[in-house]
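The block underneath contains the structure these notes are about, expressed in structure tokens.
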There are 2 protein chains.
Amino acid sequence: MGNTLKPAGETRAGDVLARMRSDIISCALKPGTKLRFETLRELYEVSFSTLREALSRLVAEGLVVAEGQRGFLVAPVSLFDLNDLTDVRVLVERQCIKLAIERGDDRWEADIMAAFHRMDRLQSRLGASYYLSDEWATLHSAFHLSLVAACGSPNLLEIRQKLFERAHRYRRMSSQFRPQWRAKDVEHKMIMDRVIARDTATAQDLVDRHIRETTENVIAHASHLFAQGGAGDPFKRSDPVAAE
Amino acid sequence: MGNTLKPAGETRAGDVLARMRSDIISCALKPGTKLRFETLRELYEVSFSTLREALSRLVAEGLVVAEGQRGFLVAPVSLFDLNDLTDVRVLVERQCIKLAIERGDDRWEADIMAAFHRMDRLQSRLGASYYLSDEWATLHSAFHLSLVAACGSPNLLEIRQKLFERAHRYRRMSSQFRPQWRAKDVEHKMIMDRVIARDTATAQDLVDRHIRETTENVIAHASHLFAQGGAGDPFKRSDPVAAE
DNA sequence: TTACTGCCGATTTTCGAAATAATCAAAACC
DNA sequence: GGTTTTGATTATTTCGAAAATCGGCAGTAA
């Protein structure tokens, strides 16, 4: 049919959703902040209903929490949540890796190498501080997804993706302090090698460590930003992202 | 403070959400059905915005799917989805059981026994077809939750609960055909015993089998109702629920 | 002083109309 | 005859005002 392209076919709510998600992950909207409709309406230039739509979806993603009839809140960060999130991610990611290695075909292997190559090339182009770039964050996310894309479980992949994005916010919080993630490059290559070699146990262990080390890094360098009880601390506006 | 009770403190959106969820699970709204706003507005007696709010949340729960700017759809059922859902549930539930047994205290054990007792008493009161009751479904859900409540992972519990509700719809589809779930009663007791005895491996295996057998039952008796490609088949309106 | 009750301003939630986008069918074109 | 274009119809998305709700404060009583 005539339906050739529709890249611009985006609803306003979808646009606001994306922008808010980005602002929350980058901590431009600080954890624990109360989200007042009037303020947001001016900031994003949309109406109440459209905001509500976006807020509802962000609640589903765990980036915003709803407080009964008392409005919305940027989801607080905490040491407890980070650790819990990490444990769940490890569980899910290990299973994804296992299934993908069982079920993946040649096409899957090729896609992994392509995703790695794209990420690797962009790193070279951007130089030392590649991890500060939003574009790199996208390719990094795509690389990790490609590793498990063949797992054959839409439900597991959906859960994995939501957890990945929640974790992204924590990574971003630490990357602005200690930009020394060089070891991660090597890890990505090792993981890819072991996955394509269908070495399930080693691949799982590598991914496990990859995730947990990042968490330890965040705790070491950014945990002073976490709320102890619940309310958020003041954050500097920034948009760097940590590697994983 | 004076805040003694607020059981009636429910927003209209929350009310509509609950009613729609119930209607979807009971297949009063058939899988694959297109959800037209005008129709729903009359059915639930609310406005567009309120509907949109509820729909958004149901999308998050996986009971409704959004089709870009072409509206909403009751999430279709399929053999593939049921099997996938079952596998993910087993993964999550096994981990929940393991953690709960590691971390649970006396209070946790007591809560399990209390939940079982309440479910058991209601079964006696309702007689042979207890599983047709919504009230029993609630207690059944609470019992399974109590088993893993002490796992200490809010993220895992949240995922578990969403998967449980999605599976609920499938259970309901089969229970209207073959009301012979008597073996499940015994299973519940066995699971409780092994969990409280802190016998992790056996408890995990029992829960695993508990879930998978229910799925097999659904496939055996209700898979003819599943859409092959995606669109839903006609369903009879009903509100029975299968045991698990 | 302490606890309860009733009001007021601020904020959220709901509403239905208006704008925008998709669908379908008939007409025009190749 | 088959394909594309056009236009009317239907459905969804967005808007801002109106209604409902919350939290605090003043006033009263114990």
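The values are calculated or read from the model by the stated rules, or taken from the named source; none is laboratory data. Predicted model, so just to flag it, every value in this text is computed and none were measured. Cβ sites come from the backbone with ideal geometry, for glycine too, and all protein chains shown count toward neighbours. Just so you know, the surface numbers come from the protein's heavy atoms only, side chains and all, with ligands and any DNA or RNA stripped out. Shrake-Rupley method; radii C 1.70, N 1.55, O 1.52, S 1.80 Å.
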Taking the highest mean first, how do the peptides B:82-89, B:124-131 order by number of other beta carbon atoms within 10 angstrom per residue? B:82-89, B:124-131
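For the cross-link pairs A:98/B:34; A:98/A:162; A:189/B:162; A:34/A:162; B:30/B:189; A:162/B:30, which exceed 26 Å when the distance is taken from alpha carbon to alpha carbon? Please list the in-between numbers first.
Working: A:98/B:34 37 Å; A:98/A:162 19 Å; A:189/B:162 35 Å; A:34/A:162 22 Å; B:30/B:189 34 Å; A:162/B:30 28 Å.
Exceeds cut-off: A:98/B:34; A:189/B:162; B:30/B:189; A:162/B:30.
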So what are the three principal axis dimensions of the protein assembly as shown from its Cα atoms, in whole Å, longest to shortest? 71, 63, 51
Tell me: how much accessible area in total is hidden between A and B, 1.4 Å probe, Å², nearest 100? 2200
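Mean Kyte-Doolittle of at least 0.0 and a Cα length of 24 Å or more along the axis: which whole DSSP H helices of chain A meet both?
A:79-103
Express the carbon and sulfur contribution to the solvent-accessible surface of the stretch B:86-156 as a percent, rounded to the nearest whole number, probe 1.4 angstrom.
Carbon and sulfur atoms account for 51 percent of the accessible area of the stretch B:86-156.
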Can you send over the carbon and sulfur percentage of the accessible area for the stretch A:13-74, probe radius 1.4 Å, protein chains only? 48
Per residue of the protein assembly as shown, what 222 nm ellipticity follows from adding -39500 (n - 2.57) for every DSSP H run with n ≥ 4, rounded to the nearest 500? -21500 deg cm²/dmol
Hey, can you list the residues from the stretch B:74-94 whose accessible area shrinks by 30 Å² or more with all protein chains present, relative to the chain by itself (probe 1.4 Å, no ligands or nucleic acids)? B:80, B:84, B:88, B:91
How many partner chain Cβ atoms sit within 10 Å of a residue's Cβ in peptide B:48-60, on average, as a whole number? 4
So, for the stretch A:79-225, what is the accessible surface per residue at a probe of 1.4 Å, expressed in square angstrom? 44
Considering every residue in B:151-157, what mean count of other chain Cβ atoms within 10 Å of its Cβ is obtained? 5
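Kirkwood Rh over alpha-carbon pairs of the stretch A:79-225, then Stokes-Einstein at 20 °C and 1.002 mPa s: what D in µm² s⁻¹, rounded to an integer?
Translational diffusion coefficient: 138 µm²/s.
What percent does the relative contact order of the stretch B:12-74 come to when contacts are Cα pairs within less than 8 Å and at least six residues apart?
Relative contact order of the stretch B:12-74: 42 percent.
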Here the gain from full extension of residue A:216 to residue A:65, 0.36 nm per residue of separation minus their alpha-carbon distance, amounts to 51.8 nm
Relative contact order of the stretch B:79-223 (C-alpha contacts under 8 Å, at least 6 apart) in percent is 40
Describe numerically, in nm with one decimal, the distance between label points set 7 Å from Cα along Cα→Cβ at residue A:114 and at residue B:183. 4.7
To the nearest 0.05, what FRET efficiency results for residue B:134 and residue A:19 with a Förster distance of 25 Å applied to their C-beta separation? 0.05
Using amide H atoms built 1.01 Å from N in the peptide plane, name the residues 5+ places from residue B:35, or on other chains, whose amide H lies under 5 Å from its own. B:72, B:73, B:74
Quote the charge dipole size of the stretch A:13-74 about the Cα centre in Debye, to the nearest 20; the model charges only the Cβ of Lys and Arg (+1) and of Asp and Glu (-1). 180
Note down the nm distance, to one decimal, between modelled labels 7 Å out along Cα→Cβ at residue B:125 and at residue A:38. 5.0
If every Lys and Arg gets +1 and every Asp and Glu gets -1 at its Cβ, then about the Cα centre chain A yields a dipole, in debye to the nearest 20, of 440
Given bins 5 angstrom wide, list per bin the percent of all Cα-Cα distances in the stretch A:13-74, short to long. 4, 19, 35, 31, 10, 0
Let's see if you can work this out: charge +1 on each Lys and Arg Cβ, -1 on each Asp and Glu Cβ, no other charges. What is the dipole magnitude of the protein assembly as shown about its Cα centre, in debye to the nearest 20? 700
Most fluctuating residue of A:107, A:209, A:169 in a GNM of chain A with Cα springs under 10 Å: which is it? A:107
Cut-off 11 Å between beta-carbons: net charge of the residues surrounding residue A:12, Lys and Arg +1, Asp and Glu -1: -3
Contact order normalised by residue count of chain A, Cα under 8 Å, 6+ apart, percent: 30
